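To start, the structure under review is shown below, and the notes come after it.
Derivation of every value follows stated rules applied to the coordinates shown; laboratory data play no part. Bear in mind that the values here come from a model prediction, so they are computed numbers and not experimental data. Virtual Cβ from ideal backbone geometry, glycine too; neighbours counted across all protein chains shown.
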Amino acid sequence: MICYNNRKGFTMKCNKVKNRLNAYLDNEVSLQVKERIERHILTCHECQSELHKLKALNNQLNIIFNENLNEQRLCELIDKSRFLPKPKSKAANFAITAVSMCIAVIFGAYISNATFKQVAIENNNSVSLNTELEESYYDYNSLYAFLEEVDE
Amino acid sequence: MNNPFDWELFIRDKSKKLFHYVLKLVYSAEDAEDIVQNSLIALLKNTHKLDQSHYERWLYRVAYNKSMNLLKRNKSILKKTDDIVLNYNTFTLDEYVNEDDIKRNMIRKCFTKLKEKHALALELQFYQKKSYKEIADIMGITSSAVDSLLVRAKKEMKNIMQEKEMKNIMQEKE
């Protein structure tokens with residue numbers, strides 16, 4: 001409900017006022033809104049009681065904790081902070097990762113090359129064995145052929 | 001060239017505020033001192049991972065988590081202290097009852113039950129008297145979000161307080 005009870009302008013709705021009450025108590029609203037809220041509160045009992053409740057809660061929370069921090073420990077910490085290692089820049093980090101990647105790739109290539117060579121040598125050996133067998137097989141063939149010719 | 005970060009000023013400035021924040025979560029001042037020291041050391045170790053603008057927020061979060069861990073560890077001890085406080089309430093002589101102490105314990109219990117961001121917002125606004133803009137800078141949100149966050153936090157605080165009062169009344173009846 002909007003009430004036109006003031007010459008300067010209309011007052012705010014109840015819902016809007018209730019949402020802003022907390023900020024109003026903390027002095028965090030603009031002057032215009034502050035005036036509107038004050039004008040509304042004068043007429044609206046509900047919002048008045050809401051404001052009183054909030055104030056009561058604030059009073060309940062307003063307690064000072066008396067204990068003080070021991071300063072000796074702080075001095076130790078401050079001493080430690082003087083010997084902090086300097087943080088690495090992003091470029092340095094990038095360079096380190098790039099160099100390590102390169103090293104890894106080169107090393108991997110070297111290892112794979114060495115193993116492939118071994119495999120190739122083994123393969124060659126087996127191929128040569130096969131050829132020898134085949135040759136001997138053909139030799140036998142030719143031998144049989146020769147024998148058959150002799151029989152005839 | 002960037003100016004080197006002034007650690008001495010930072011530690012001197014923030015540690016007292018952090019200490020008073022932790023005091024609302026933990027029961028003894030010595031525990032609070034330990035937590036403040038440990039969280040500062042954690043910050044010093046992890047500076048290379050963080051941006052300078054996030055230091056304070058990070059510090060508050062670490063302190064909150066550490067104090068919650070401590071409370072979990074000391075749950076059995078906490079129950080005993082609760083009993084002592086309740087016994088204080090039933091005393092008839094005014095000499096033994098310090099009303100402020102009871103209020104402080106009440107606030108501690110409420111703060112431990114609040115969510116982390118609600119507790120932090122209440123602490124910054126209420127006890128450190130910071131404006132909404134400063135809170136928004138520390139927490140990394142907008143100032144209108146801080147407004148609604150505070151409203152929600154106070155609602156929760158109110159509910160928790162009412163529950164506690166109801167419990168106290170029930171216990172007195174028994």
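Quick check: pseudo-label points 7 Å beyond the Cα along Cα→Cβ at residue B:69 and residue A:46, how many nm apart are they?
4.8
Partner chain Cβ atoms within 10 Å, averaged over the residues of A:77-84 - can you pull that number for me?
Average neighbour count from other chains, rounded to a whole number: 6.
Which whole number gives the average, over all residues in B:7-16, of C-beta atoms from other chains lying within 10 Å of the residue C-beta?
Rounded to a whole number, the mean comes out at 4.
Per-residue Cβ counts within 10 Å, from other chains only, averaged over A:53-64: what number is that?
Partner Cβ neighbours, averaged per residue: 4.
Ordered by residue, what ³J(HN,Hα) values in Hz, to whole numbers, does the stretch A:42-48 give under the Karplus form 6.51 cos²θ - 1.76 cosθ + 1.60, where θ = phi - 60° and Gly and Pro are x?
Whole-Hz 3J(HN,Hα) from phi for the stretch A:42-48: 4, 9, 9, 6, 4, 5, 4.
For chain B, what does the relative contact order come out to in percent, with C-alpha contacts under 8 Å and a separation of six or more?
It rounds to 21 percent for chain B.
Beta carbons within 10 angstrom, averaged per residue: use that to sort the peptides B:135-146, A:63-74, B:30-41, A:101-112, highest first.
Ranking the peptides B:135-146, A:63-74, B:30-41, A:101-112 by packing returns B:30-41, B:135-146, A:63-74, A:101-112.
With respect to the cross-link table entries A:53/B:154; A:80/B:66; B:24/B:115, which display a Cα-Cα separation exceeding 19 Å?
A:80/B:66
Can you compute the modelled spin-label distance between residue A:75 and residue B:152, with each label point 7 Å from Cα toward Cβ, in nm?
In this crude label model, residue A:75 to residue B:152 measures out at 4.5 nm.
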